[in-house]
Amino acid sequence: MTTTTDILTLTQWLSPSFPVGGFAYSHGIEGAVEDGTIATATDLEDWLCDLLQTGSLRADAVLLCVAHSSPVEGLDSLDQTARAFAATKERLMETDLQGAAFVDTLTAMSTPTLPHLTYPVAVGAAAAQHHLDRQLTCALYLQSVIATLVGAAMRLVPLGQAEGQKVQLALKKMCNTTASQLVNATREDLHANTFASDIAAMRHETQYSRIFRS
């Protein structure tokens, strides 16, 4: 049974104030803004929708749910899969450094320790250690990442605050649906075909003027 304390724990872990450094990454959006692919709130919503349905955010949901159901001794193999699945150098850096920061912060809070893991694997494993609901953890994780990426886009496009909130509102149901569909996912469900996002992330590595690390 999910309690109010469980929800508060997850919202603390996944809030902007939790020091994983998410504000420093755009997940390739900066590259997509640079080449004109994302120029409006509608463009951003479509881009994020694709990531949730068939792209890297869907893959993160799979990895989180599999980590939640995996024994501790199986996490290393899953984490290696997550690293291999990162489509670009910067995507790997993003998930590696955020995951390490997440684990280090939990350790500093005197919670059960985990090794350094990629971000979705770390969140899923920590949620399992704390007996937190898998579907709720996944949905809140996706909403948190969406909020972070919308925040990045607001500085890049730029978008107004109200427009940014409307994009998040439009994608809220999809975060929940994705978590529901993948709650019992296995590694065989891991796939992605958002090639434009991957290419934007690759181009960002050599982009002349950059604000974000990815």
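Values quoted throughout were computed directly from the atomic coordinates according to the rules given, and no laboratory measurement underlies them. These numbers come from a predicted model, not from an experiment. Cβ placement follows ideal geometry from the backbone for every residue including glycine, while neighbour counts extend to all protein chains displayed.
About the centre of its Cα atoms, the chain shows a dipole size close to 260 debye [charges on the beta carbon of Lys, Arg (+1) and Asp, Glu (-1) only; nearest 20 debye]. Rounded to the nearest 10 degrees, the inclination of helix 119-129 to the longest alpha-carbon principal axis of the chain is 30 degrees. Stokes-Einstein diffusion for the stretch 114-199 at 25 °C, viscosity 0.890 mPa s, with a Kirkwood radius from C-alpha pairs, works out to 167 µm²/s. Principal axis analysis of the Cα atoms in the stretch 130-175 yields extents of 40, 18, 12 Å, listed in decreasing size.
Since only 151, 4, 51 are under comparison, the one whose Cα sits farthest along the positive direction of the charge dipole of the chain, derived from C-beta charges on Lys, Arg, Asp and Glu, is 4. The three principal axes of the C-alpha atoms in the stretch 41-106 carry coordinate ranges of 42, 23, 22 Å, sorted with the longest axis first. The ellipsoid that matches the Cα gyration tensor of the stretch 39-199 has semi-axes, each √(5λ) in whole angstrom, of 26, 16, 16, with the longest given first.
About its Cα centre, the stretch 1-95 has a charge dipole of approximately 260 debye under the convention of +1 per Lys or Arg Cβ and -1 per Asp or Glu Cβ, with nothing else charged.
Largest GNM mean-square fluctuation across 149, 106, 75, computed for the chain with C-alpha springs under 10 Å, falls on 106. Calculated [222 nm] ellipticity per residue, helices only, for the chain: -21500 deg cm²/dmol; basis is -39500 (n - 2.57) per DSSP H run with n ≥ 4, divided by all residues, nearest 500.
Using the alpha-carbon positions of the stretch 74-113, Rg (one decimal) and Dmax (whole number) come out as 11.7, 34 Å. Based on Cα atoms of the stretch 1-118, Rg over Rh with Rh as the Kirkwood radius reads 0.99. Here the dipole of the stretch 46-121 is about 60 debye; that uses its Cα centre as origin and unit charges on the Cβ of Lys and Arg (positive) and Asp and Glu (negative).
Label sites at residue 187 and residue 109, each approximated as a point 7 angstrom past Cα along Cα to Cβ, lie 2.9 nm apart. Distance from the Cα centroid of the stretch 123-149 to that of the stretch 6-66 is 13 Å (rounded to whole angstrom). Sorting the segments 26-37, 195-206 by their mean number of nearby beta carbons within 10 angstrom, highest to lowest, gives 26-37, 195-206.
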